[in-house]
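Asks: Provided herewith is a single structure, encoded as structure tokens, for subsequent inquiry.
Nothing in this text is a laboratory measurement; each read-out follows from the coordinates by a stated rule. Being a predicted model, the structure only gives us computed values, none of them experimental. Please note: Cβ atoms are built from the backbone with ideal geometry, for glycine as well, and neighbour counts cover all protein chains shown.
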Amino acid sequence: MDTQTQLDIAKLNDADRKELTQYLANEAQKSNIQQTVHGLADICWKKCITGKISSGRLDQPEEACAQNCVERWMDTNFAVLKHLETLRGQ
Amino acid sequence: MALFGSSSSAEASSPSSSQEIKASLIRQVQEEAAMSNARSLIGKVNEHCFDACVPTPGASLSAKESTCLSQCMEKYIGFWNATSRAYIARVSKESKSLGGADLSGVSL
């Protein structure tokens, strides 16, 4: 990206400015979700793919493990928060 | 998921209308988001597949190691997509039960 054209933001009209703001908010959220998924795939790969890799296809047990891993990770998240809440009340 | 986005840098004249500036900004953001996502993915693939396929590094990559790396890469991308589906499904379920936004239509 060395020849990036200099854009004059001041020339944006109100409607386009509003649309861009909304677009950027969506992109930021998407990017956040993607980063979380990168972290989750990292964690879950370590737990789910332990044997030798003999095929490029994701087989059924591996896919199920990925799903369980994500679900239990979320459960863990909630459990930690819940327990923290009870600790706070003590 | 487009890995590298579309790198159509055939922007000859500098955009001047509001419409053109908006379109140009959106294109730049798309390219950079795709690049950043690809970079994260490639980094993880490298880390995990090196672990899985090259246990004892030799003088060069063996044919077996190369095959393993290709398979591992494909498997990791499939695994990433499965993870993404599971995460989005769960988050949208949770936020729906809280009366929040419905994310069920979101795909990365």
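Asks: When Cβ neighbours within 10 Å are restricted to other protein chains, what is their mean count per residue of peptide A:79-89? Write out the running numbers ahead of the final one.
Replies: Details: counts 0, 0, 0, 0, 0, 0, 0, 0, 0, 0, 0.
Per residue, the number of nearby Cβ atoms from other chains is 0 on average.
Asks: Could you point to the residue in B:Ala86, B:Pro55, B:Pro15 farthest towards the positive end of the range B:14-97's charge dipole, with +1 and -1 charges on the Cβ of Lys/Arg and Asp/Glu respectively?
Replies: Farthest towards the positive end: B:Ala86.
Asks: Roughly how big is the range B:14-97's charge dipole about its Cα centre, with Cβ charges of +1 (Lys, Arg) and -1 (Asp, Glu), in debye to the nearest 20?
Replies: So the dipole magnitude of the range B:14-97 works out to roughly 380 debye.
Asks: First select every other residue whose beta carbon is under 15 angstrom from the beta carbon of B:Ala33; then total the charges, Lys and Arg +1, Asp and Glu -1.
Replies: Local charge sum for B:Ala33: 0.
Asks: Ok, one more. Under the 0.36 nm per residue contour assumption, what length would be gained going from the current alpha-carbon distance of B:Leu98 and B:Asp51 to full extension? Don't jump to the answer; show the numbers that get you there.
Replies: Details: separation 47, 0.36 × 47 = 16.92 nm, distance 4.07 nm.
Between B:Leu98 and B:Asp51, full extension yields an extra 12.8 nm.
Asks: Where does each of B:Phe79, A:Phe78 land when they are ranked from fewest to most other beta-carbon atoms within 10 angstrom?
Replies: With the fewest neighbours first, B:Phe79, A:Phe78 line up as A:Phe78, B:Phe79.
Asks: Turning to a different aspect of this structure: Which entries in A:Lys30/A:Lys82; A:Lys30/B:Lys93; A:Lys30/B:Lys22; B:Lys44/B:Lys96; A:Lys30/B:Lys44 show an alpha-carbon gap greater than 22 Å?
Replies: With Cα atoms farther than 22 Å apart: A:Lys30/A:Lys82; B:Lys44/B:Lys96.
Asks: Sorting B:Arg39, A:Arg88 on the 10 Å Cβ count, fewest up front, what's the list? Mind showing how you got there, number by number?
Replies: On the way: B:Arg39 10, A:Arg88 7.
Ordered from fewest to most neighbouring Cβ atoms within 10 Å, B:Arg39, A:Arg88 come out as A:Arg88, B:Arg39.
Asks: When the Cα atoms of the range B:14-97 are enclosed in a convex hull and the volume is divided per residue, what value in Å³ results?
Replies: Looking at the range B:14-97, the number lands at 138 Å³ per residue.
Asks: Something else about it: Nearest 10 degrees is fine. How inclined is helix A:14-48 to the longest principal axis of chain A, computing both from alpha carbons?
Replies: The two axes meet at around 20 degrees.
Asks: Okay, moving on. Charges on Cβ only, +1 for Lys and Arg, -1 for Asp and Glu, centred on the Cα centroid of the protein assembly as shown; of A:Ile33, A:Cys65, B:Met35, which one is farthest towards the dipole's positive end?
Replies: A:Cys65
Asks: How much FRET efficiency would the formula 1/(1 + (r/R0)^6) give for A:Asn26 and A:Phe78, where r is the Cβ-Cβ distance and R0 is 30 Å, rounded to 0.05? The partial results should precede the final answer.
Replies: Details: r = 26 Å, r/R0 = 0.87.
Efficiency, from the Cβ-Cβ distance: 0.70.
Asks: Cα centroids of the range A:1-74 and the range B:18-39: how far apart, whole angstrom?
Replies: If you average the Cα positions of each part, the centres end up 16 Å apart.
Asks: Next question, about the same structure. Just checking the output field for B:28-34: average partner chain Cβ neighbours within 10 Å of each residue's Cβ? Kindly include the intermediate steps, with their values, before the conclusion.
Replies: Values: counts 4, 6, 2, 1, 3, 5, 0.
Across B:28-34, the average partner-chain Cβ count within 10 Å equals 3.
Asks: Using 1/(1 + (r/R0)^6) with R0 = 41 angstrom and r between the beta carbons of B:Ser66 and B:Gln28, what's the FRET efficiency to the nearest 0.05? Intermediate values should be presented prior to the final figure.
Replies: Working: r = 36 Å, r/R0 = 0.88.
Efficiency at R0 = 41 Å is approximately 0.70.
Asks: Next question. Just want the ordering: B:Tyr87, A:Tyr23, from fewest to most Cβ atoms lying within 10 Å of their own Cβ.
Replies: A:Tyr23, B:Tyr87
Asks: Find the Cα radius of gyration of the protein assembly as shown, compare it with 2.2 N^0.38 Å by division, and give the number to two decimals.
Replies: Cα Rg divided by the expected 2.2 N^0.38 Å: 1.30.
Asks: Using only the Cα atoms of chain A, what semi-axes does the equivalent ellipsoid have when each is the square root of 5 times a gyration tensor eigenvalue? Give whole Å, largest first. All intermediate terms of the calculation are to be shown ahead of the outcome.
Replies: Numbers: eigenvalues 307, 133, 24 Å².
Those come to 39, 26, 11 Å.
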